[in-house]
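One structure is given here, and the rest of the page talks about it.
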Amino acid sequence: MSQYPFKEIEEKWQNFWKINECHKINFDNSKNKFYNLVMFSYPSGDKLHTGHWYNYGPADTYARFKKMQGYNVFQPQGFDSFGLPAENYAIKHNVHPAESTNNNISKMREQLYKIGAMYDWSQEIITSKPEYYKWTQWLFLKLYENNLAYQKEALVNWDPVDQTVLANEQVLSDGTSERSGAKVIQKPLKQWFFKITKYANELLNFDGVDWPKKTISMQKNWIGKSIGALIEFKVADYNYQIEVFTTRPDTIFGVTYIVLAPEHKFIKSLKINSKKINNYIDDSLSKNELQRMDLNKNKTGIFTGSYAINPVNGKKIPIWIADYVLISYGSGAIMGVPGHDDRDYQFAKKYNLAIDYVVSGKKDNKINEPFYGEGYCINSSFLNGLDTERAKNKIIEWLESNKIGKKKVNFRLRDWLISRQRYWGTPIPIVYDPNGNKHIIPEKYLPWKLPDDVEYKPKGTSPLGSSKELIKRTENIFGKGWRPEIDTMDTFVCSSWYFLRYINSSIKNYPFDGNRLNWLPVDQYIGGAEHATMHLLYSRFITKSLRDMGFLNFDEPFLNLYHQGTITKDGAKMSKSRGNTVSPDEFVIKYGSDTFRAFLMFMGPFDEGGDWNDKGITGIHRFLNKIWRLIHLPNTSKEPTREDLRVLHLTIKVVTEDLSLKKFNTAISRCMEFVNYFSGRNNFYNNFKSSFLKIIAPLVPHLAEELWQYLGNNKSIFEESLPKYENIYLDVEEIKYVVQVNGKLRGEFIVDKSTKRDEILSLAKENSNVKRFLNGKSIIKEVLIPNKLVNLVVL
């Protein structure tokens with residue numbers, strides 16, 4: 001049979017793996033464990049698209065590679081099924097979210113089966129199922145009991161289209177919603193938060209993990225640690241001190257004005273009758289934080305009419321209000337030092353404020369223009385001549401001794417806002433007594449289920465508030481007049497701990513089995529870089545908080561993190577919300593799962609991705625058929641040549657190294673070279689067949705299983721170990737020859753430097769690519785340029 005019958009073979013081996021539970025893990029044995037995890041899917045559409053396949057196929061190839069290295073590999077799969085994407089899909093199709101989500105999961109699960117991945121489906125999790133979100137609610141209660149969950153009123157990011165609150169991380173730099181694209185507005189609401197800021201300092205530590213440098217940098221920048229001083233400025237004619245945080249206390253002699261956030265509490269104590277000032281404040285509060293922090297926008301401000309006193313020199317300095325100062329960072333007030341900060345300089349020039357110079361790049365050097373670096377203090381009294389670092393320490397000592405300031409560490413990171421005014425999410429396990437006091441729902445009542453009698457379409461208020469069943473349930477358990485919390489949790493809460501539940505999903509009475517902790521943390525996590533400051537940060541916080549509660553015995557959730565590239569369509573990321581997805585199903589039906597997997601891996605480096613183009617898939621399909629024919633060649637009893645051995649062992653070496661680095665495209669390229677080298681022969685070495693199938697098995701699992709069985713083996717090829725290469729066959733002085741036919745390049749081959757002329761010419765003519773151009777023609781001249789080229793002249 002010359003053609004690979006992929007349909008029958010792939011169905012056969014998928015059934016074999018399922019019936020024989022080949023991928024089911026015995027959690028009692030954690031020896032040599034390897035937890036390989038890929039970010040799970042949102043069932044916010046009815047099918048997986050090619051972007052999903054690009055993540056799941058290569059990730060499974062890596063899992064199979066680790067298994068053949070001798071690791072005990074656990075690779076689970078599940079569905080991140082709560083949240084806005086799934087709910088919006090249901091609204092769009094006028095179906096209840098539970099119904100549409102379950103239907104979508106069924107279709108996606110069927111697609112995932114066809115990948116042929118080694119998923120342990122016995123540990124599947126679905127975050128919208130009560131048996132899962134029971135433990136999400138348990139997690140909330142534990143955080144609440146440990147003062148890591150709290151409620152407060154705050155100005156929040158409100159999405160007017162999705163009718164819900166967004167975390168800062170879900171608002172784009174242009175002030176629009178990441179999901180709906182709507183312009184986000186500010187709205188005061190009582191909200192639930194997780195106190196992630198308690199772990200801000202520890203979250204900056206990445207010791208013991210292998211993560212992309214860019215992701216680490218993104219998290220560190222998001223956390224935004226800064227060390228400086230908190231300084232008190234008295235307000236002239238008021239019994240009031242404004243606290244200012246600064247990272248450059250050494251420049252205090254250069255302060256010429258103070259700027260307050262529009263929300264600053266001092267502003268409320270001012271008797272402002274100016275309509276202009278009030279309008280400026282109202283306009284500022286209508287913007288979200290990202291809009292206000294935008295470095296490219298024009299800085300605006302307004303003078304309050306009041307003055308502060310610089311504590312080191314007694315100068316009166318004007319107090320301004322500006323929208324670029326945030327109440328959520330530092331103290332909500334900054335000191336303007338226009339001589340040594342570009343933003344302050346631009347503000348001072350715009351509003352004609354004084355500019356003093358107090359730092360010079362050279363000692364005892366006078367300057368008359370802005371200087372933004374570190375240097376030496378000038379015009380600064382007792383700080384004169386000190387370098388920046390010593391001046392900082394000196395002024396902090398002075399401030400502390402005079403009780404008007406102190407050293408301070410500050411963070412940009414804000415607490416995690418987790419409440420949402422939507423239906424399709426985990427209910428928050430809190431109830432309120434008739435006096436409005438909060439009470440936790442005891443664990444015996446978990447899961448606190450989502451009610452069904454809800455108008456779930458967004459109206460600007462929490463849909464659970466319309467449920468009669470939920471109110472009745474609350475009063476039956478807690479008493480008349482008691483009311484339930486009607487917000488639900490952000491879907492990122494569900495995904496912040498799902499990797500923990502995978503190894504415990506069959507356990508009903510508690511979230512974690514201490515005997516299974518040896519399977520944690522995750523050894524390899526694969527997913528998109530877009531989650532750097534959300535899911536990946538939240539999972540680290542949850543892991544550390546559960547560790548401190550005594551439930552976990554490790555510090556980090558994911559030891560190794562890898563970001564796959566993005567598959568785009570016409571330059572834009574494939575997304576169900578954009579409607580620009582490409583379905584993998586038609587390609588799997590036409591060419592098979594192995595062909596589609598190999599094609600995606602061959603597109604380019606796994607961490608780069610690329611724009612979708614299916615033109616090369618037929619070439620990959622031909623390659624798999626070449627493998628099929630090569631393994632079906634009759635066996636030969638001849639001894640392999642040294643060059644044959646070199647090609648085999650070089651292939652083993654290169655593919656093993658490439659797979660370990662997830663360089664799937666170059667691994668496939670090397671396998672192609674192997675097949676091309678041996679194609680065109682009448683027979684083939686049996687031991688070469690076995691070695692090659694083992695090395696290519698992670699890349700094309702169905703094909704490898706079938707051909708392994710064809711060679712007379714009864715067990716799965718994935719019970720085998722990867723072959724080892726031997727350096728003795730690689731240490732050969734080699735020459736690469738290119739072959740021309742009538743002066744045009746038609747092929748190339750590598751030989752030992754000691755190879756004789758006649759054998760070189762013979763190899764040139766036997767090259768599979770060259771032979772096509774020799775068929776039916778006569779060679780009238782053979783030209784050999786030693787160590788370089790063979791040219792065959794034909795008629």
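The values are calculated or read from the model by the stated rules, or taken from the named source; none is laboratory data. What you see is a predicted model, and the numbers here were worked out from it, not measured in a lab. As a convention, Cβ positions derive from the backbone with ideal geometry for all residues, glycine included, and neighbour counts pool all protein chains shown.
Across the stretch 597-616, a minimum of one residue is classified as without any contact (Cβ under 8 Å) to a residue 40 or more places away in the chain and acidic (Asp, Glu). Within the stretch 326-337, not a single residue is free of Cβ contacts under 8 Å to residues at least 24 places away in the same chain and either under 42 Å from the mean Cα position of the chain (by Cα) or crowded, with 19+ Cβ neighbours inside 10 Å (or both).
Looking only at the stretch 618-646, residues that are of a type outside the set (D, E, K, R) and surrounded by fewer than 19 Cβ atoms within 10 Å (Cβ to Cβ) come to 12 in all. The strands (runs of 3 or more DSSP E) falling completely within the stretch 719-795 that include 1 or more residues that are surrounded by 10 or more Cβ atoms within 10 Å (Cβ to Cβ), touching a residue at least 60 places away in the same chain (Cβ under 8 Å) and touching a Phe, Trp or Tyr at 6+ places or on another chain (Cβ under 8 Å) map to 744-752.
Restricting to strands (runs of 3 or more DSSP E) lying wholly in the stretch 287-372: which have 2 or more residues that are among the β-branched types (Val, Ile, Thr), in contact with a Phe, Trp or Tyr (Cβ under 9 Å, 6 or more places away or on another chain) and within 30 Å of residue 200 (Cα to Cα)? Passing ranges: none, list empty. Taking the stretch 726-776 as the range and being polar (S, T, N, Q) and more than 47 Å from the chain's Cα centre (by Cα) as the test, the residues that pass are 740, 742, 754, 755, 762, 775.
Please state which one of 15, 32 is surrounded by fewer than 16 Cβ atoms within 10 Å (Cβ to Cβ) and at positive phi. None of the other options fit; the residue is 32.
Restricting attention to the stretch 492-549, which residues are more than 19 Å from residue 178 (Cα to Cα), aliphatic (A, V, I, L, M) and not in a helix (DSSP H, G or I)? Those that are more than 19 Å from residue 178 (Cα to Cα), aliphatic (A, V, I, L, M) and not in a helix (DSSP H, G or I): 507, 520, 522, 526, 549.
If the condition is being modelled with pLDDT under 90 and either buried (at least 19 other Cβ atoms within 10 Å of the Cβ) or closer than 19 Å to residue 491 by Cα (or both), then the stretch 75-109 contributes 84, 85, 86, 87, 88, 89, 90, 91. When we screen 388, 426 for residues that are among the hydroxyl-bearing types (Ser, Thr, Tyr) and assigned by TED's automatic domain parsing to the domain that holds residue 145, the only hit is 426.
Does any residue of the stretch 674-686 turn out to be free of Cβ contacts under 8 Å to residues at least 60 places away in the same chain, touching a Lys or Arg at 6+ places or on another chain (Cβ under 7 Å) and in a helix (DSSP H, G or I)? Yes, the conditions are met somewhere in the stretch 674-686. Looking across 675, 738, 751, 700, one residue alone is touching an Asp or Glu at 6+ places or on another chain (Cβ under 8 Å) and under 17 Å from residue 771 (Cα atoms). It is 738. Checking the stretch 445-454 against the condition returns no match, with no residue being at positive phi and not basic (Lys, Arg). In this structure, residue 67 qualifies as touching a residue at least 12 places away in the same chain (Cβ under 8 Å), crowded, with 22+ Cβ neighbours inside 10 Å and of a type in the set (D, E, K, R).
In the stretch 68-75 there is at least one residue matching the filter, namely being under 28 Å from residue 33 (Cα atoms), of a type in the set (Phe, Trp, Tyr) and in the same structural domain as residue 697 (by TED's automatic domain parsing). Sub-8 Å Cβ pairs linking a first residue in the stretch 623-643 that is assigned to a loop (DSSP other than H, G, I, E, B) to a second residue that is among the basic types (Lys, Arg), at least 6 apart or interchain, are 633/681, ordered by first then second residue.
Being under 31 Å from the mean Cα position of the chain (by Cα), at pLDDT 95 or above, in a helix (DSSP H, G or I) and surrounded by fewer than 15 Cβ atoms within 10 Å (Cβ to Cβ) is a description that applies to residue 589. Those helices (runs of 4 or more DSSP H) of the stretch 16-119 in which at least 2 residues are touching a strand residue (DSSP E or B) at 6+ places or on another chain (Cβ under 7 Å), considering only elements entirely within it, cover 50-68, 97-115. Consider the stretch 468-488 and keep the residues that are acidic (Asp, Glu) and crowded, with 17+ Cβ neighbours inside 10 Å. The one that is nearest to the chain's Cα centre (by Cα) is 487.
Yes or no, residue by residue, for (1) touching a helix residue (DSSP H, G or I) at 6+ places or on another chain (Cβ under 6 Å); (2) more than 21 Å from residue 132 (Cα to Cα):
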| residue | (1), (2) |
| --- | --- |
| 428 | no, no |
| 432 | no, yes |
| 437 | no, yes |
| 447 | yes, no |
| 471 | no, yes |
| 478 | no, yes |
| 484 | yes, no |
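Residue 673 meets the conditions (1) closer than 25 Å to residue 609 by Cα; (2) within 32 Å of the chain's Cα centre (by Cα) in every case but one. The failed one is (2). Scanning the stretch 648-666 for residues that are buried (at least 17 other Cβ atoms within 10 Å of the Cβ), in contact (Cβ under 8 Å) with a residue 40 or more places away in the chain and either in contact with a strand residue (DSSP E or B) (Cβ under 8 Å, 6 or more places away or on another chain) or within 25 Å of residue 56 (Cβ to Cβ) (or both) yields 655, 656, 659, 662, 663, 664, 665. Filtered by the rule that a residue be within 38 Å of the chain's Cα centre (by Cα), among the hydroxyl-bearing types (Ser, Thr, Tyr) and outside any helix (DSSP H, G or I), the stretch 257-286 gives a lone residue, 286.
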